[in-house]
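Novice: Here it is: the structure, laid out below.
The values are calculated or read from the model by the stated rules, or taken from the named source; none is laboratory data. Keep in mind it's a predicted model, so treat the numbers as computed, not measured. Heads up, the Cβs are rebuilt from the backbone with ideal geometry, glycines too, and the neighbour counts pull from every protein chain shown. Note: accessible area is taken over every heavy atom of the protein model, side chains too, but ligands, DNA and RNA are not part of it. Shrake-Rupley method; radii C 1.70, N 1.55, O 1.52, S 1.80 Å.
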Amino acid sequence: MLNADALNQLRQLKTDIKENKVVFAGTVKSTNGRFGFVALDEGRDVFLPPEEMQKVLPGDRVSVTEHEVEKGKTQGVVDELLESPLTTFVGRYLIKGKGHFVAPETPGINRWIFIPPKERKNAQPDDFIYCQMHRHPFKDGKGQARVLRVIGKKGEPGIERALTLANFDLADSWPAEVQKQADALSEEAVSDRATEREDRTARPYVTIDSPGTQDMDDALMATPNATGWTLSIAIADPTAVVEPASPVEQEAFNRATAIYFPGEPLPMLPDAISTRLCSLMPEVSRLALVCDLQVNNDGSLGEYQFHQAVIRSKGKLSYELVSHLIEGREDEDIKALPDDVANSLDQLHQVATALRKWRAEHALLSNDRPEFRLRLDENRRIRLIEPAVQNEAHRLVEECMVAANRCAADFLEQRGRGLFIQHPGLRNDRAENIRKLLENYAPHLVDYDANSAEGFKALMKHTDALEAEVPVKSILSRQLARAELSFEPAPHQGMGLAAYTTFTSPLRKFSDFYVHRLIKAALWDQAIEALDAQQLESLQASQIRARMAANTLETWLKSDYAKGLSAEPMEGTISRTVPSGFFVRLDCNGLEGFVSCKSLDGKFSFDPVTLRLVHNKNGRVFQLDQRVTVRFANVDEERRQINFELIEAEEIGAAAGNEA
């Protein structure tokens, strides 16, 4: 038995070891295997062996110590759990022997988690369940979960959407206080506020949208003048009926955006507001924030003003009808349009043409690529994928929206207070690769500063029609940074504009809703709950989460649809390359699938400069924009990834010969 002196010495030794121990803080990163890494705050990764990964979850903030296990090789030991952001997740209910478990669907949790008897909610084997971490595995590597609710079983109608919502912690119903506030609103909320506004109900505003759209954000009209046109963009005004900091506004902030899931959108605002009281429906008086702006004959913008008004849309017009009018067709629906509406539409087309010409010369236009529309069946799975044709009416609306948003950005920039969308252009970590790309394939462009707004714009313009051995424009486009929200104005390099924001979709995006608040606070001293830096970061994260959720569900539905494809050859274009293979986008339906290098003869090396895959012996190349022929191979169920098989030219030729 140790005496008191010995015990004190032992305690002191432990204290000295602890004080001298070098501890690093970082975030846990999982892999497809049982091992993982800690991404240290100082910028490097530390390997975590399986026994240490058992004690943590993806995204955990931990402190680790680093130990040498072999000469030159180290690994981490988790010293302390600092924070665990993963609180809820989705999984499948399993029973093994007497144990009940959840097999998480969340990427990176590569283990079953035990569910105690009192926490099972009568879940049955193979049920998809929404769970909460009941006990973190840090102490002994044995975590526990509790079932919050049973979502359903594989194959049930709509299970894909329900699982996606749960996976991303998205609510499919409204909190009670939000529903109560929305239900309390009526047409009186509109009429009571209309008396204080400019009456524009006699003017020929119209909405141009898809026939099924109910949350109509914008209505347009235009009139000619001596130096061009007066373009008037009326935007739905939900901030007029939603009190600042109210439950509805807080929930809109939490959701950040409406999510257009295939078949069944997830709205940002309750239907009473987004599709009824604030939607710019035809022949109904509605509150609007209106931007009147001068568009000069050359497409440049002149003076602009914002107004609080009441409008009465003279028609809900489809893109197809307006496109037919632009083309000069004489359909019965076109003949039925009132003269003032038809005249305004003609002027709108002229305005949009001038605006687009100006942007093509002085800014950057995005390339139109074929889009496709998913049609779902009664089980909420894809029945048909059909082309979504972008016509002149779509471009008309786009140009009007961009012009109005440019005015809003200029207005806020002048007042030194705003919410802007900035785009820094190319990613900083790709600068050296981009320099090498230009040196080798476009040396006449190498002197442009790709990091500056003007340099980036010049690069993108000059590479538009550049003929080179590699598709320089597409390579640059694959290495763009993500656009971000900012309180300070900064260039939107992707659009080639000095500053940009959006206020034209306040029924669908909280950032636009908030810009309405900012404009009204500046012009009419209306109340506003200003966002702080932490809230801005949260809003940005919610937007990203919404995009990820929409992409996840669409990818899932498409991968299920692909299982019904035949083995017939299909034409497509290489849309993305990675060291292990390349992705192909099909011409016929827009599906993207992966061709693995393992399915090709020989070995290929990936060039990070040109984004090409090059055969190590014969020099065969696969690169962006390359046309290829493929057939459906299978679906990777775990990744929900469509896999294709490349069809070689010889096989295509042989098949054609057999048909002849």
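Novice: Between residue 134 and residue 563, what is the label-to-label distance in nm when each label sits 7 Å out along the Cα-to-Cβ direction?
Specialist: Output for this residue pair reads 3.2 nm.
Novice: Among the chymotrypsin sites (Phe, Trp or Tyr not before Pro) within region 179-282, which fall in a DSSP loop and have no more than 11 other Cβ atoms within 10 Å of their own Cβ? Could you put the intermediate results ahead of the total?
Specialist: Working: sites: 205, 229, 253, 260; in loops: 205, 260.
Sites meeting the loop and neighbour criteria: none at all.
Novice: Once every DSSP H run of n ≥ 4 in the chain is given -39500 (n - 2.57) and the sum is divided by its residues, what mean residue ellipticity at 222 nm do you get, rounded to the nearest 500 deg cm²/dmol?
Specialist: Dividing the helical sum by the residues of the chain leaves -9500 deg cm²/dmol.
Novice: Write out the trypsin sites (Lys or Arg not before Pro) in region 547-597 meeting two conditions: DSSP loop, and at most 11 other Cβ atoms within 10 Å of their Cβ.
Specialist: Passing sites in region 547-597 are 563.
Novice: Quick one: with all protein chains in place, what share of the accessible area of region 243-367 is carbon or sulfur, to the nearest percent (1.4 Å probe)?
Specialist: Carbon-and-sulfur percentage of accessible area, whole number: 47.
Novice: Ok, one more. Tell me which label goes with the value of semi-axes √(5λ) of the Cα gyration tensor in Å computed from the coordinates here: [x] 44, 29, 23; [y] 40, 32, 24; [z] 47, 35, 28.
Specialist: [z]
Novice: Could you size up the charge dipole of the chain around its Cα centre, putting +1 on the beta carbon of Lys and Arg and -1 on that of Asp and Glu, and report it in debye to the nearest 20?
Specialist: 2400 debye
Novice: Could you pull out every residue, at least 5 positions away or on a different chain, whose amide H is within less than 5 Å of the one on residue 60? Hs are placed 1.01 Å off N in the peptide plane, and Pro or chain starts have none.
Specialist: Answer set, sorted by chain and number: 28.
Novice: Using the heavy atoms of the protein chains and a 1.4 angstrom probe, tell me the accessible area per residue for region 154-243 in square angstrom. Show your work: numbers first, answer last.
Specialist: Numbers: 4000 Å² over 90 residues.
Value for region 154-243: 44 Å² per residue.
Novice: Let me ask something else. Cα axis of helix 392-415 to longest principal axis of the chain: angle in degrees, 0 to 90, nearest 10?
Specialist: 80 degrees
Novice: Here's another thing I want to ask about it. Which links in 357/509; 55/142; 55/153; 98/121; 29/55; 357/461 stretch past 19 Å when you go from one Cα to the other?
Specialist: 357/509; 55/153, as the Cα separations exceed 19 Å there.
Novice: In whole percent, and with a 1.4 Å probe on the protein chains, what portion of the accessible area of region 457-589 is carbon and sulfur?
Specialist: Taking all protein chains in place, region 457-589 shows 48 percent carbon and sulfur surface.
Novice: Using only the alpha-carbon atoms, how far is helix 510-524 inclined from the longest principal axis of the chain? Give it as 0 to 90 degrees, nearest 10.
Specialist: For 510-524 against the chain, the angle is about 50 degrees.
Novice: Work out from phi, with θ = phi - 60° and the Karplus expression 6.51 cos²θ - 1.76 cosθ + 1.60, the ³J(HN,Hα) of each residue of region 452-458, listed in order in whole Hz, and give x for Gly and Pro.
Specialist: 8, 4, 5, x, 5, 4, 5
Novice: Which shape class, rounded, prolate or oblate, goes with region 13-117 when its Cα gyration tensor gives a ≥ b ≥ c as root eigenvalues, a/c under 1.5 marks rounded, and past that a/b bigger than b/c marks prolate?
Specialist: prolate
Novice: Which value, in Å² and to the nearest 10, is the accessible area of residue 587 when all protein chains are kept and the probe is 1.4 Å?
Specialist: 70 Å²
Novice: A further question follows. Sort the following peptides by mean Cβ neighbour count (other Cβ atoms within 10 Å, averaged over residues), highest first: 326-335, 301-310. Mind dumping the intermediate values first?
Specialist: Working: 326-335: 11.1, 301-310: 17.3.
So the peptides 326-335, 301-310, ranked by packing, come out 301-310, 326-335.
Novice: Let's test the formula: R0 of 60 Å, r as the Cβ-Cβ distance of residue 335 and residue 529. What FRET efficiency results, to the nearest 0.05?
Specialist: Given R0 = 60 Å and the Cβ-Cβ separation, E is 0.75.
Novice: Output the peptides 360-368, 231-239, 99-107 sorted from most to least packed, where packing is the average of other Cβ atoms within 10 Å over each peptide's residues.
Specialist: Values: 360-368: 12.8, 231-239: 26.7, 99-107: 17.2.
Peptide ranking by packing, descending: 231-239, 99-107, 360-368.
Novice: Around residue 134, which amide H atoms from residues at least 5 apart in sequence, or from another chain, sit under 5 Å from its own amide H, with H modelled in the peptide plane?
Specialist: 144, 145, 146
Novice: Can you tell me how much longer the chain between residue 42 and residue 191 gets when fully stretched, taken as 0.36 nm per residue apart minus their C-alpha distance, in nm with one decimal?
Specialist: Details: separation 149, 0.36 × 149 = 53.64 nm, distance 5.85 nm.
Working it through step by step, the gained length comes to 47.8 nm.
Novice: Which one, 463, 190, 396, is farthest towards the positive end of the dipole of the chain when Lys and Arg carry +1 and Asp and Glu -1 on their Cβ?
Specialist: Value: 463.
Novice: Kindly list the residues of region 249-277 that lie in the label zone of residue 183, defined by a backbone N under 16 Å from the point 7 Å along the Cα-to-C-beta vector.
Specialist: The answer is 270-273.
Novice: Find which of 444, 629, 113 sits farthest along the positive direction of the dipole of the chain, computed with +1 on the beta-carbon of Lys and Arg, -1 on that of Asp and Glu, about the Cα centre.
Specialist: Looking along the dipole axis, the top candidate is 113.
Novice: Nearest 10 degrees is fine. How inclined is helix 649-659 to the longest principal axis of the chain, computing both from alpha carbons?
Specialist: 60 degrees
Novice: Relative to a virtual label point 7 Å from the Cα of residue 440 in the Cα→beta-carbon direction, which members of region 543-581 show backbone nitrogen distances below 19 Å?
Specialist: In region 543-581, the label zone of residue 440 (backbone N under 19 Å from the point 7 Å along Cα→Cβ) covers 576-581.
Novice: Here's something else I'd like to know. Taking 7 Å along the Cα-to-C-beta vector as the label spot, tell me the residue 578-residue 547 distance in nanometres, rounded to one decimal.
Specialist: Spacing of the two 7 Å Cα→Cβ label points: 1.8 nm.
Novice: Counting only the backbone N, which residues of region 461-494 are under 17 Å from the spot 7 Å out from the Cα of residue 447 toward its beta-carbon?
Specialist: 462-463
Novice: Next question, about the same structure. Label residue 384 and residue 300 with points 7 Å out from Cα along Cα→Cβ: what is the distance between them in nm?
Specialist: 4.9 nm
Novice: Which whole-Hz couplings ³J(HN,Hα) result when phi for each residue of region 144-152 is put into the Karplus expression 6.51 cos²θ - 1.76 cosθ + 1.60, θ = phi - 60°, listed in order with x for Gly and Pro?
Specialist: For region 144-152, the Karplus-derived couplings read 9, 10, 10, 7, 8, 6, 8, 8, x Hz, x marking Gly and Pro.
Novice: Across region 94-102, in residue order, what do the Karplus-derived ³J(HN,Hα) couplings come to in whole Hz, using 6.51 cos²θ - 1.76 cosθ + 1.60 with θ = phi - 60° and x for Gly and Pro?
Specialist: For region 94-102, the Karplus curve yields 10, 10, 10, x, 9, x, 10, 9, 10 Hz.
Novice: I would also like to ask the following. What is the sum of charges, Lys and Arg at +1 and Asp and Glu at -1, for the other residues whose Cβ falls under 10 Å from the Cβ of residue 624? The partial results should precede the final answer.
Specialist: Working: positive: 473, 478, 576, 612; negative: 625.
Around residue 624, the charge tally is +3.
Novice: Straight-line reach from residue 335: which aspartates and glutamates have Cα under 18 Å away, leaving out those fewer than 8 places along the same chain?
Specialist: Output for residue 335: 320, 327, 346.
Novice: When ranked by the protection proxy of mean other Cβ atoms within 10 Å per residue, highest first, what sequence do the peptides 50-61, 422-433 form? Numbers along the way, then the final one.
Specialist: Numbers: 50-61: 20.0, 422-433: 16.2.
Ranking the peptides 50-61, 422-433 by packing returns 50-61, 422-433.
Novice: Let me know the charge dipole size of region 151-248 about its Cα centre in debye, to the nearest 20, where only the beta-carbon of Lys, Arg (+1) and Asp, Glu (-1) is charged.
Specialist: Charge dipole of region 151-248: 300 debye, to the nearest 20.
Novice: For residue 522, what is the net charge nearby, where nearby means another residue's Cβ is under 13 Å from its Cβ and Lys, Arg count +1, Asp, Glu -1?
Specialist: In short, +1.
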